[in-house]
Amino acid sequence: MTRRKLIAGNWKMNGLNAALAEITAIGAGVAALGARAPDVLVCPPFTLISSAARGEVAIGAQDCHIGVSGAHTGDISSVMLKDAGAGSVIVGHSERRADHGEDDALVRAKAEAALAAGLRTIICVGETRAEREAGTAYAVVARQIAGSVPFAAQGTIVIAYEPVWAIGTGLTPTNDDIAAMHGAIRAELARSDAARAAVTQILYGGSVKPGNAREILALADVDGALVGGASLKAADFLGIINACV
Ligand code: PEP
């Protein structure tokens, strides 16, 4: 089974209008790769989606509300994201789970709303350092998959395995640990729908850089990367994109 690689950038709460030039440069670099290029996605803050979506790079968002519209001050719905030009959305990032108390049920509801709006939906899972050290990483991730993934929903679901302790720290699991967890995630998905599990992209996220991307992206069941810090500058992000070629 050949799954196309997806390299997705999560800009988090970074990026003013001037940073749109980075997305333009990313687009130029991807265009230069022609048919060899992987799927590329940039998820800037909400404020840049509309402008960024006028360019050549696929644009996504970092979160959405579970509803379509209504009295939810400060929230953005998946329908609004789609209307602004986003084609994808990240849900359940560990920073949202930690900073906003988002649990699996809420993440699943967000994923359902996003899929209903026609957005490719990237669902994040991953254990903390304490959970890894306690030997419960697989159980934690399996529980997050079971609770956060709307198995019955139609549409494109992508899973991002992001060990919390590897995000923004410069630390990464061993290659064997990444491959083993990705295999376990695919097996967990297959318990609900084997055919869908076989085509679902599973991304690794956590301190992916140009220097380690090639070896990580070559691992079994790693279908791409979700990249934070190294997605902010076109040169770094293109270094990771080029590692797919
Ligand atoms: C992320 O925030 O999804 C992430 C993987 O961050 P970083 O690449 O900076 O570790």
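In table form, for the structure just shown:
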{"quantity": "Matching residues in the range 105-135 - criterion: being charged (D, E, K, R) and buried (at least 18 other Cβ atoms within 10 Å of the Cβ)", "calculated": "Arg108, Lys110, Glu112, Arg120, Glu127, Glu131, Arg132"}
{"quantity": "Residue identified as without any contact (Cβ under 8 Å) to a residue 60 or more places away in the chain and within 25 Å of Thr200 (Cα to Cα) among Leu81, Leu16, Leu48", "calculated": "Leu81"}
{"quantity": "Complete set of residues in the range 212-227 that are away from the ligand (no atom under 12 Å from the Cβ), of a type outside the set (A, V, I, L, M, F, W, C) and assigned to a helix (DSSP H, G or I)", "calculated": "Arg214, Glu215"}
{"quantity": "Top-ranked residue of the range 106-143 - restricted to ones that are in contact with a helix residue (DSSP H, G or I) (Cβ under 6 Å, 6 or more places away or on another chain) and closer than 14 Å to Ile185 by Cβ, ranked as nearest to the ligand (Cβ to nearest atom)", "calculated": "Gly126"}
{"quantity": "Of residues in the range 58-78 being in contact (Cβ under 8 Å) with a residue 24 or more places away in the chain and more than 16 Å from Lys12 (Cα to Cα), the one surrounded by the fewest Cβ atoms within 10 Å (Cβ to Cβ)", "calculated": "Val68"}
{"quantity": "Selected residue (only one of Ala195, Ala152, Ala230 is more than 9 Å from the ligand (Cβ to nearest atom) and assigned to a helix (DSSP H, G or I))", "calculated": "Ala195"}
{"quantity": "All positions within the range 79-104 that are over 22 Å from Ile167 (Cα atoms) and either touching an Asp or Glu at 6+ places or on another chain (Cβ under 8 Å) or surrounded by 19 or more Cβ atoms within 10 Å (Cβ to Cβ) (or both)", "calculated": "Val79, Leu81, Ala86"}
{"quantity": "Number of positions in the range 198-211 that are assigned to a strand (DSSP E or B) and within 13 Å of the ligand (Cβ to nearest atom)", "calculated": "3"}
{"quantity": "Unmet requirement for Thr169, which otherwise passes all of (1) polar (S, T, N, Q); (2) farther than 18 Å from Ala8 by Cα; (3) more than 10 Å from the ligand (Cβ to nearest atom)", "calculated": "(3)"}
{"quantity": "Qualifying residue in the range 106-115 (condition: at pLDDT 95 or above and part of a loop (DSSP other than H, G, I, E, B))", "calculated": "no"}
{"quantity": "Residue match in the range 34-43 (condition: without any contact (Cβ under 8 Å) to a residue 24 or more places away in the chain, farther than 25 Å from Gly168 by Cα and surrounded by fewer than 19 Cβ atoms within 10 Å (Cβ to Cβ))", "calculated": "yes"}
{"quantity": "Selection within the range 143-170 - surrounded by fewer than 17 Cβ atoms within 10 Å (Cβ to Cβ) and not β-branched (Val, Ile, Thr)", "calculated": "Arg143, Ala146, Gly147, Phe151, Ala152, Ala153, Gln154, Gly155, Gly168, Gly170"}
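Let's see how each residue does on (1) within 19 Å of the chain's Cα centre (by Cα); (2) over 29 Å from Asn242 (Cα atoms); (3) among the hydrophobic types (A, V, I, L, M, F, W, C):
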position: Arg4; (1), (2), (3): yes, no, no
position: Asn10; (1), (2), (3): yes, no, no
position: Ala19; (1), (2), (3): no, no, yes
position: Ala31; (1), (2), (3): no, no, yes
position: Arg36; (1), (2), (3): no, no, no
position: Phe46; (1), (2), (3): yes, no, yes
position: Asp63; (1), (2), (3): yes, no, no
position: Glu95; (1), (2), (3): yes, no, no
position: Ala116; (1), (2), (3): yes, yes, yes
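The values are calculated or read from the model by the stated rules, or taken from the named source; none is laboratory data. Source: prediction; values computed, not measured. Neighbour counts are summed over all protein chains in view; Cβ atoms, including those assigned to glycine, are modelled from backbone coordinates with ideal geometry.
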